[in-house]
């Protein structure tokens, strides 16, 4: 659309020229929403939007190498900054490639606005070239989605999409825009006719009587515990501060899900570590034996609860969640509080007032007893590869040498992810970006790119495995193009380690297709993309290799060769209870009954 | 290994929604995706400007699942309100059915006599068939269909249940 007036200084929201095309309206609305970056990949059905972005100074388009990378990069940006991530992809394969990232954002409650091109309205339903039913495909992995058939609805739709993505329980929203709608110039702008007062009004403040009752329960508890999750992070940094304050005045110990790491500082004496399948012995035992459990922004995921009928049998449970459907979904609770974590934490602190915390000495002593098991201790040497670096050691050293720079850590999915969660201590929210719910291999590199764009001066490290990293390896080119000094630290054990571990525990070590054969030379691969490549093979070179990675002013892949047989422990085997953890040195017979095998 | 299911309860849910494209697919898809049951589902727009639809869903499941169904429905952006008529109080349920019966002689007379008892109305007649229209609570319709089965039942069409709370207040 040459000669469109919108390239002039940004008009105000009320002053939108009636002569703007759908594509121009879209770009204008993105600017209005404060969007800095659009992660995308062009194609036939979004060319009008790309033409609007051409030369636009207000929005920076980040060209990824695959649409899955766009969605994960937007997720990484959103998790690190707290702002919504924006994705722009074409119709058909562009949209379907982005679906994994959309589903990932759905499971982990990450605010995304995904704009997909669509074939012109007249061709919808005719199996046109690059046509896919994007709205149909994404219906159950988005918080909401739209097919905009009339450009007059576009402005209001984009506004509502951002509001839905970012408020309440955050999540991805898809806006599917047919190509002719991008080109057409609407004669009017319609408000959404349906945007009535009944539509979408999340409850953020909890009823006062519930708060009073909850404070009574907590104050009279002998063995309280806070079980926190990603909801505390999603609520904003203030929620993490309030959590620390509430902990301080109540004295209750804190554990967290994978998604919630960083909301409470790992250096705190009352921090129990992560709970669940690969959580600490003390966290899981404390969950089992507590008398009052306060779940804040977590959702009793199967990875957290273990066997449901043995989950924390004697406790009163309070569940704070902004999503009513999370309450009583898998674990019945005594008190469900619907509200925003930060808001409810502030309400609890206010209602607590100047109460004195109960003496929890006896409870803390029991916890100290569980801590004494030192569940994260691991053997100095691997039995299979006695000369190789233990992966846990590699993560510990990485933490020791980087934590003063307060790095942002992303991960892929598997053993390395759990080791990172266990051995890398987090002190602040928004520093830990990982795919929890969907468990998407290939998440970490694009997420690191998104986080690095949000924080250009931060140290961003993707702790990866040699298998996962190959799932979105093409994004090396994206980091090169935008000169992003992302670091990838590969714990290379030549196995899809978590698969291998389960095969060892469940299928008598029949390692069906879990060996990473024909691996690339990661150092040469790094160099091919203009990155620096470092290989670490000996423990005595570990610190030096990490320091060389940190000293390089640009992107680096570290290929850290680690022991192949190391298992991720402690572990609650599938179908077992919190009290039945496997620790290092426990004997495992390598088989399970069908009941346990059927659980994922 | 055994796959077990908990005891079910029948519930009637009245759901008001924005009348927008895809909302029905969203709701039915939610039921399939999460493994909930739909016994019947009716939908029509109910406002003058066609902006709002009312969906009546008859479902069954254990109480915890029914609670989840309501919560999951409420989570959908276009959903205004979900009312569980079964727990909200006394309510009326009605369903309309068209029932085609063929037969001659005594069977035909008996069909007509039973239709009269059930207040079913013949809406189409030939010398060897009737189409009856019957309105009522589902169990009444069930009983009538069961009787017609013995008298030459050919075809049944049912609307599914529409429900409403008794008394002056709206759902």
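The values are calculated or read from the model by the stated rules, or taken from the named source; none is laboratory data. What you see is a predicted model; the values in this text were computed from it and never measured. No Cβ is skipped: glycine too gets one built from the backbone with ideal geometry, and neighbour counts run over all protein chains shown.
On inspection, residue A:152 does not qualify as within 14 Å of chain B (Cβ to nearest Cβ), in contact (Cβ under 8 Å) with a residue 12 or more places away in the chain and either over 21 Å from residue A:435 (Cα atoms) or in a strand (DSSP E or B) (or both).
With respect to the stated conditions, residue B:95 is at pLDDT 95 or above, in a strand (DSSP E or B) and closer than 30 Å to residue A:198 by Cβ. Quick one: which helices (runs of 4 or more DSSP H) sit completely within region A:498-600 and have at least 3 residues that are closer than 30 Å to residue A:305 by Cα? Where helices (runs of 4 or more DSSP H) fall fully within region A:498-600 and carry at least 3 residues being closer than 30 Å to residue A:305 by Cα, they are A:594-597. Just one residue in the set A:327, A:367 is touching a residue at least 24 places away in the same chain (Cβ under 8 Å) and under 30 Å from the mean Cα position of the chain (by Cα); that residue is A:367. Taking residue A:194, is it in contact with a strand residue (DSSP E or B) (Cβ under 7 Å, 6 or more places away or on another chain), modelled with pLDDT under 95 and not assigned by TED's automatic domain parsing to the domain that holds residue A:324? Against the criterion (in contact with a strand residue (DSSP E or B) (Cβ under 7 Å, 6 or more places away or on another chain), modelled with pLDDT under 95 and not assigned by TED's automatic domain parsing to the domain that holds residue A:324), residue A:194 qualifies.
Counted as qualifying within region B:1-90 are the strands (runs of 3 or more DSSP E) with 2 or more residues that are within 14 Å of chain A (Cβ to nearest Cβ) and in contact (Cβ under 8 Å) with a residue 60 or more places away in the chain, namely B:9-18, B:79-84.
Can you spot a residue in region A:433-440 that is farther than 27 Å from residue A:226 by Cβ and in contact (Cβ under 8 Å) with a residue 24 or more places away in the chain? Checking region A:433-440: at least one residue is farther than 27 Å from residue A:226 by Cβ and in contact (Cβ under 8 Å) with a residue 24 or more places away in the chain.
Can you find a residue that is touching a helix residue (DSSP H, G or I) at 6+ places or on another chain (Cβ under 9 Å), surrounded by 14 or more Cβ atoms within 10 Å (Cβ to Cβ) and assigned to a helix (DSSP H, G or I) anywhere in region A:351-362? Looking for residues that are touching a helix residue (DSSP H, G or I) at 6+ places or on another chain (Cβ under 9 Å), surrounded by 14 or more Cβ atoms within 10 Å (Cβ to Cβ) and assigned to a helix (DSSP H, G or I), one finds at least one in region A:351-362, hence yes. As for region A:4-23, it holds no residue that is at pLDDT 95 or above, surrounded by 17 or more Cβ atoms within 10 Å (Cβ to Cβ) and within 21 Å of residue A:479 (Cα to Cα). Taking first residues from region A:465-488 that are assigned by TED's automatic domain parsing to the domain that holds residue A:445 and more than 18 Å from residue A:455 (Cβ to Cβ) and partners that are surrounded by fewer than 21 Cβ atoms within 10 Å (Cβ to Cβ) and modelled with pLDDT under 95, no Cβ contact under 9 Å between residues at least 6 apart in sequence or on separate chains turns up. Applying the criterion of at least 3 residues that are surrounded by fewer than 20 Cβ atoms within 10 Å (Cβ to Cβ) and under 30 Å from the mean Cα position of the chain (by Cα) to the helices (runs of 4 or more DSSP H) found wholly in region A:163-278 leaves A:237-250. Residue by residue through region A:408-436, note down the ones that are in a loop (DSSP other than H, G, I, E, B) and surrounded by 20 or more Cβ atoms within 10 Å (Cβ to Cβ). Selection gives A:412, A:413, A:414, A:424, A:426, A:429, A:430, A:431, A:434, A:435, A:436. In region A:581-600, the residues that are at the interface with chain B (Cβ under 10 Å from one of its Cβ atoms) reach residues that are loosely packed, with under 10 Cβ neighbours inside 10 Å with C-beta atoms within less than 7 angstrom, at least six apart or across chains, in these pairs: A:594/B:1; A:595/B:1; A:598/B:1. Is it the case that residue B:28 is in contact with a strand residue (DSSP E or B) (Cβ under 9 Å, 6 or more places away or on another chain), surrounded by fewer than 18 Cβ atoms within 10 Å (Cβ to Cβ) and closer than 17 Å to residue A:145 by Cβ? In short, yes. Residue A:106 meets all of the listed conditions (1) within 14 Å of another protein chain (Cβ to nearest Cβ); (2) in contact with a helix residue (DSSP H, G or I) (Cβ under 6 Å, 6 or more places away or on another chain); (3) at pLDDT 95 or above; (4) part of a loop (DSSP other than H, G, I, E, B) but one, namely (4).
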